[in-house]
Amino acid sequence: FNSTILLLCLSIFQASAGGWLEDTSLVKKYQISEDAYNARENTYRNFKAKKQAEDPNWSFTNELKARTGGGNSSPAMEAADEEFQAEAAANIKVGDRCEGAGGRRGEVMYVGKVPGLPAGWWVGVKFDEPVGKGDGTAGGVRYFECLEKYGGFLRPELVSVGDYPELDPFGDDEL
C-alpha cells in the first residue's frame, strides 16, 4: 500500500509573503490604447470637449463649485442670489424628520441663511448617526446643539421631510 499525502497550508502570513497582497505595483493594471479610448463615445475627453465648445472658459472645478454651492467665499459668491432656494426652504420646518443626501436621516434643527456659507438658504440637520461634518456651528456661530459629526448644513433641495423614523441597525429592513 503506497500513498502520498500532500499538505497545503495557507495562512494569511504565507499568502502575503513577498508583499503581493500589499504592494499594488505588483498588480497588473487595466490599460487601453489611445485609439480604443478615442473610439468610445461616453468618455471624459468627449464630455470636456463638448463643454469647452459651449464655453471656452469651462473647467471641471468651476462646474463642481456651481453644482455644490461653492466652497470658499469669493466676490462671485457674494454677488449670488441671497434668496437662493428660498422656495424649497419654505416647506421645511424646525423639528421635521428628514432624510438628506445619501440617505442620512435626522431632525431639522435650523432653516435659514448662514453668513459663513455661500449665499442663499440652508437647512441645519442633526443626524441620527455620526455622518455629518460638524456640531451645529458654522463660521464660529452656533445654530443648533449636537455632538461632533452629528450635524451638517445642507441645501434645501437635498433635504426631504416626512416620515423618516430613526433606523434600527439591528432591525429587519425587509418589511
Give the peptides 114-127, 156-169, 49-62 in descending order of average Cβ contacts within 10 Å, highest first.
-> 114-127, 156-169, 49-62
Please sort 107-113, 34-40 by packing, taking for each peptide the average over its residues of neighbouring beta carbons within 10 angstrom, highest first.
-> 107-113, 34-40
List the residues whose amide H sits under 5 Å from the amide H of residue 111, counting only those 5 or more places along or on another chain, with H placed 1.01 Å from N in the peptide plane.
-> 124
List the residues whose amide H sits under 5 Å from the amide H of residue 138, counting only those 5 or more places along or on another chain, with H placed 1.01 Å from N in the peptide plane.
-> 143
Note down, for region 81-121, the three equivalent ellipsoid semi-axes (square root of 5 times each alpha carbon gyration tensor eigenvalue), biggest first, whole angstrom.
-> 19, 11, 10
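All of the numbers you see were taken from the coordinates with simple rules; none came from a lab. This one's a predicted model, so the numbers in the text were calculated from it and none came from an experiment. Ideal geometry is used to build each Cβ from the backbone, glycine not excepted, and the neighbour counts take in all protein chains shown.
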